[in-house]
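The values are calculated or read from the model by the stated rules, or taken from the named source; none is laboratory data. Quantities reported herein were computed from a predicted structural model and do not represent experimental measurements. Cβ coordinates were reconstructed from backbone atoms using ideal geometry, including for glycine residues, and neighbour counts include every protein chain displayed. Heavy atoms of the whole protein, side chains included, go into the accessibility calculation; ligands, DNA and RNA do not. Shrake-Rupley method; radii C 1.70, N 1.55, O 1.52, S 1.80 Å.
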Amino acid sequence: MFPPVDEADEGGLLGLGADLEPGTLVAAYRSGIFPMPIGPDDTIGWWSPDPRAIIPLDGLYVSRSLRRSLRKYDVTFDTDFDGVLAGCADPARPLGWITEEMQAAYRRLFEHGWAHSVEVWDRSGELAGGLYGVGIGGLFAGESMFHRATDASKVAMVRLVDKLRDDGATIFDVQWQTSHLESLGAIEIARSEYMARLADAMAAPDRWSS
């Protein structure tokens, strides 16, 4: 369905178009590829960057202040996927890329049990932040995160890593490196190494547990 990832251009773009049906998305993630709109008309681009950013499940950096923040919030999983998706897709956020088409696609993926969310709640019961992504085999591919209160997205990340480690997952893919992710311990690896790790992860049973 998709061309080999080593045919991607220098920026990681492998192709344009195609649909966002659940089967297409799952096949993409299994192949080391993810979608993101590109251009003024939001054409779906399919990406496989080199290098690839991951968070080692034994290498997350948790600062002293973040440890304090962990005690300020409650965390749930797959409880309010729509709320997390809406927070991540807020059009007021800079560089927003989660179009209505993308939101509909990931809702369908959630309904099929492939997409998952982490919700972070303040003590008044309001959604303070969270993240969502895709879990297949031993892979969790993080898509986006947001926060409305201090450290809320970081708390989501910490609790997700705890869960992935407990569930026996092997890869936490975060796609591209950013200064924010780097501060949490994200590293870059060559695409060839990512693909080798992905093959092992895809040979494992699905790891996400409720």
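Scan region 133-142 for residues that are in contact with a Gly (Cβ under 8 Å, 6 or more places away or on another chain) and either basic (Lys, Arg) or within 13 Å of Phe81 (Cα to Cα) (or both) and report the count.
1
Counting just the residues of region 9-20 that are open to solvent by 30 Å² or more (accessible area, probe 1.4 Å) and part of a loop (DSSP other than H, G, I, E, B), which one comes out nearest to Arg107 (Cα to Cα)? It would help to see each step written out before you state the result.
At the first step, the residues of region 9-20 found to be open to solvent by 30 Å² or more (accessible area, probe 1.4 Å) are 9-11, 13, 16, 18-19.
Filter once more, so that each one left must be part of a loop (DSSP other than H, G, I, E, B): 9-11, 18-19.
Values: Asp9: 30, Glu10: 31, Gly11: 28, Ala18: 18, Asp19: 15 Å.
Among them, the one singled out is Asp19.
Any chance you could count how many residues in region 167-191 are polar (S, T, N, Q) and open to solvent by less than 70 Å² (accessible area, probe 1.4 Å)?
4
Please find, among Lys163, Lys154, the residue that is of a type in the set (D, E, K, R) and open to solvent by 30 Å² or more (accessible area, probe 1.4 Å). Even if it seems obvious, please write down each step before you answer.
Numbers: Lys163 fails: open to solvent by 30 Å² or more (accessible area, probe 1.4 Å).
Selected residue: Lys154, the only one of Lys163, Lys154 that is of a type in the set (D, E, K, R) and open to solvent by 30 Å² or more (accessible area, probe 1.4 Å).
Among the candidates Ser124, Ser117, which residue alone is hydroxyl-bearing (Ser, Thr, Tyr), in contact with a Gly (Cβ under 8 Å, 6 or more places away or on another chain) and at pLDDT 95 or above?
Ser117 is the lone residue from the list that is hydroxyl-bearing (Ser, Thr, Tyr), in contact with a Gly (Cβ under 8 Å, 6 or more places away or on another chain) and at pLDDT 95 or above.
Residues in region 21-45 that are surrounded by 19 or more Cβ atoms within 10 Å (Cβ to Cβ) and in a loop (DSSP other than H, G, I, E, B): how many?
Total satisfying the criteria: 3.
Show the residue pairs that are 6+ apart or on different chains and have beta-carbon atoms under 6 Å apart, the first residue being within region 178-197 and more than 13 Å from Met157 (Cβ to Cβ), the second being open to solvent by 60 Å² or more (accessible area, probe 1.4 Å).
Arg191/Asp50
Among the residues of region 64-105, count how many are without any contact (Cβ under 8 Å) to a residue 60 or more places away in the chain and within 14 Å of the chain's Cα centre (by Cα).
Final tally of qualifying residues: 6.
How do the helices (runs of 4 or more DSSP H) wholly within region 151-210 filter down when requiring 1 or more residues that are on the phi < 0 side of the Ramachandran plot and modelled with pLDDT under 95: which remain?
152-167, 179-183
Among the listed residues Ala141, Ala89, Ala115, which satisfies the condition of being out of contact with any Phe, Trp or Tyr (no Cβ under 8 Å at 6 or more places or on another chain) and of a type in the set (Gly, Ala, Ser)? Spell out the reasoning first.
Details: Ala141 fails: out of contact with any Phe, Trp or Tyr (no Cβ under 8 Å at 6 or more places or on another chain); Ala115 fails: out of contact with any Phe, Trp or Tyr (no Cβ under 8 Å at 6 or more places or on another chain).
Exactly one residue qualifies, and that residue is Ala89.
Just a yes or no: is a residue in region 192-205 of a type in the set (A, V, I, L, M), surrounded by fewer than 22 Cβ atoms within 10 Å (Cβ to Cβ) and farther than 29 Å from Leu13 by Cα?
no
Condition test on Met1, is it open to solvent by 10 Å² or more (accessible area, probe 1.4 Å), in a loop (DSSP other than H, G, I, E, B) and either in contact (Cβ under 8 Å) with a residue 24 or more places away in the chain or within 25 Å of Ile187 (Cα to Cα) (or both)?
Numbers: open to solvent by 10 Å² or more (accessible area, probe 1.4 Å): yes; in a loop (DSSP other than H, G, I, E, B): yes; either in contact (Cβ under 8 Å) with a residue 24 or more places away in the chain or within 25 Å of Ile187 (Cα to Cα) (or both): yes.
The answer is yes for Met1.
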